[in-house]
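In what follows, a structure is listed as C-alpha cells, so that the remarks can point back to it.
The values are calculated or read from the model by the stated rules, or taken from the named source; none is laboratory data. None of the values given here were measured: they were computed from a predicted structure. All Cβ positions, even for glycine, are placed from backbone atoms using ideal geometry, and neighbour counts span all protein chains on display.
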Amino acid sequence: MRDLRLIPAYAALTALSVLPLAGCSWIDGDRISSDFHATIANAPATIQVDNAVGSIDIEAWDKPSVEIDATKRGPNYDTVNAIKISVEPSGSTLTVNTQFPTMSTNAKVEYTIHAPAHTDLKLVQSVGAIKSIGFTGNVEEHTSTGAVEATMARLGGSQRLNIDVSVGAIRLTLPSTTDAAITATTSVGGIKTDFPLSIDKTVVGQYARGKVGDGTAVAELNVSTGGIEIQRE
C-alpha cells in the first residue's frame, strides 16, 4: 500500500473483561513499552476512542465481541506505568480513553481494535494516525496532526461519514456500490478522486462535491492543510 503523502500545498454490555497484561514491559531501543488488552463479549452500538498521542487502528471482523489491544510507549518505566487506559461502557457506547501523565515527554499509545462491522465509530486522535477498515455503520474520525485512512465496506442508506484533519491527509476507499453525497474540502492542498465529483479550486485549496449512486448517505471530508484522496475499491 502506498504511503499517505500530503498532496501539495453498542444493546447492553453483558460482559466486560479488562485484562491488562502483567509483566509485559520491555525495552524497545531507547524506549520502554507495555501491553494492554481488554475483551468485551458483546459489542456496543458505538465505540468511542480518545487518544492524545499515538495511533488508532480498528478493523471489522465477523465476531460479536470487541477486542482492544494497546501498546504504551515512553522513555522510562515511570512514564509508561503512569499512562492509564480506561474502557468504560455507558448505555450503548463503549468509551476507550487514554490518560497521559502530566508533562509527559515522548509518550504515546498505539491501539489495535477489532469490532463487528456494523459498529458506529467515533475516533479522536490529537497527534498521530487513524486507520479503519471494513465498517458499515456511521464513522467519525478526527486527528489534529496525522493521516486518516478509511476503507468502508459499505456506504449508503442513512450512513454518515465524517473525517476531519487539521494538518495531514485523508485517504478514503469506497466500494463501487456506494450511494452517497460527498463533499471534500482542503484549505491548503489538493483533492484526487476516482469518482465523478466536480472539483473547484480556491486560492490555495480545493472543494469537491457530487452524488455517487443514489446519493443517500452523507460523506464529509475536511483537511485544513494537506490532501484528500477518494478512491474506488
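The table below gives the values:
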quantity	calculated
Residue list for region 187-223, filter: within 23 Å of the chain's Cα centre (by Cα) and at positive phi	G189
Pick from region 93-118, criterion out of contact with any strand residue (DSSP E or B) (no Cβ under 6 Å at 6 or more places or on another chain) and among the polar types (S, T, N, Q), ranking: surrounded by the fewest Cβ atoms within 10 Å (Cβ to Cβ)	T102
So T202, is it farther than 18 Å from A150 by Cβ and either surrounded by fewer than 19 Cβ atoms within 10 Å (Cβ to Cβ) or polar (S, T, N, Q) (or both)	yes
Tally, over region 70-102, of residues that are part of a strand (DSSP E or B) and polar (S, T, N, Q)	8
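Okay, residues lined up against (1) at pLDDT 95 or above; (2) under 25 Å from A147 (Cβ atoms); (3) touching a helix residue (DSSP H, G or I) at 6+ places or on another chain (Cβ under 9 Å):
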{"residue": "V49", "(1), (2), (3)": "yes, yes, no"}
{"residue": "V53", "(1), (2), (3)": "yes, yes, no"}
{"residue": "K72", "(1), (2), (3)": "yes, yes, yes"}
{"residue": "N81", "(1), (2), (3)": "no, no, no"}
{"residue": "M103", "(1), (2), (3)": "no, no, no"}
